[in-house]
1. Examine the stretch 203-214 for a residue that is within 22 Å of R127 (Cα to Cα), β-branched (V, I, T) and touching a residue at least 60 places away in the same chain (Cβ under 8 Å), and state whether such a residue exists.
2. Would you confirm whether or not the stretch 49-59 contains a residue that is farther than 20 Å from R194 by Cα, assigned to a helix (DSSP H, G or I), at pLDDT below 90 and touching a strand residue (DSSP E or B) at 6+ places or on another chain (Cβ under 9 Å)?
3. Do we have any residue at all in the stretch 7-17 that's within 30 Å of R122 (Cβ to Cβ) and over 18 Å from the mean Cα position of the chain (by Cα)?
4. Does V27 count as modelled with pLDDT of 90 or more and either of a type in the set (A, V, I, L, M) or closer than 23 Å to L172 by Cα (or both)?
5. For the stretch 69-100, which residues satisfy the criterion of being basic (K, R) and either assigned to a loop (DSSP other than H, G, I, E, B) or under 17 Å from the mean Cα position of the chain (by Cα) (or both)?
6. Would the stretch 164-172 turn up any residue that is among the hydrophobic types (A, V, I, L, M, F, W, C) and crowded, with 17+ Cβ neighbours inside 10 Å?
7. Can you say whether G32 is closer than 29 Å to K117 by Cα, surrounded by fewer than 17 Cβ atoms within 10 Å (Cβ to Cβ) and in contact with a Gly (Cβ under 8 Å, 6 or more places away or on another chain), as far as the supplied structure shows?
8. Scan (1) of a type outside the set (S, T, N, Q); (2) farther than 17 Å from P9 by Cα; (3) surrounded by 14 or more Cβ atoms within 10 Å (Cβ to Cβ) for the single condition K104 breaks and write down its number.
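The values are calculated or read from the model by the stated rules, or taken from the named source; none is laboratory data. The structure displayed is predicted, hence computed values, not measured ones. A quick note on method: Cβ atoms are made from the backbone with ideal geometry, for glycine too, and the neighbour counts reach across all protein chains shown.
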Amino acid sequence: MRLIFLGPPGAGKGTQAQRLAERYSLVKISTGDILREAVSRKTPLGLQAKSFMDKGGLVPDDVMIGLIRERLKNLDSDSGYVLDGFPRTLPQAQALSKILEDQKAPIDRVISFEVPKRDLVRRLTGRRSCNLCKRVYHLDFNASKQANRCDMCDGVLVQREDDREETVRNRLKVYEKETAPLLKYYDKKKILSRIDGAGSIDAVFDRLQKVLNSNNLQ
């Protein structure tokens, strides 16, 4: 299986990608993992990416595409992969298609996890992180036993800046603007499936497996 998972912040695509990868021995490839690996290995592209990251800037498309190309050449599993968080823009999607065309290994399915905006805002703004051990909680779904205190180390639970409501709504707006062309692009290729991302992790995973089964990908 060669899959792409799309979804707004808070849609749970990373959780589902990890679960699917473990179930079927796939490689989970996320942009964050690729960047950290390339930077730690001090590859030419990794050092180039680090120069932007150190300044707080976004890594340009050409650098990110180069990192993806390197990673796909060095897969550590023959059974396939899940791309989580890439592509994010239409130029990235077009470049990825060219890379995979050259490798004669096209994407089998693109899964879009769709969750109502009000639920996404609730999921993201309710997150709290321990200021010491960095353990993550949620006010509604995974609350600590003692209010505003970590169960593990008694550190103070804080809200990240990018989880504040105004920031969250802006992140969702940016995602909608960037991703709409992506969905049209993959829909035109007839490899897009939309999944209801609301509900429990198990419920969403069941929906995911049904889509994969219906497309003979298991």
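1. There is at least one residue in the stretch 203-214 that is within 22 Å of R127 (Cα to Cα), β-branched (V, I, T) and touching a residue at least 60 places away in the same chain (Cβ under 8 Å).
2. No, there is no match, as no residue in the stretch 49-59 is farther than 20 Å from R194 by Cα, assigned to a helix (DSSP H, G or I), at pLDDT below 90 and touching a strand residue (DSSP E or B) at 6+ places or on another chain (Cβ under 9 Å).
3. Of all residues in the stretch 7-17, those within 30 Å of R122 (Cβ to Cβ) come to 7-17.
Now restrict to residues that are over 18 Å from the mean Cα position of the chain (by Cα): none.
No - not one qualifying residue is present in the stretch 7-17.
4. Yes, satisfied.
5. From the stretch 69-100, those basic (K, R) are 69, 71, 73, 88, 98; that's our starting set.
Those that are basic (K, R) and either assigned to a loop (DSSP other than H, G, I, E, B) or under 17 Å from the mean Cα position of the chain (by Cα) (or both): R71, R88.
6. yes
7. yes
8. Single failed check for K104: (3).
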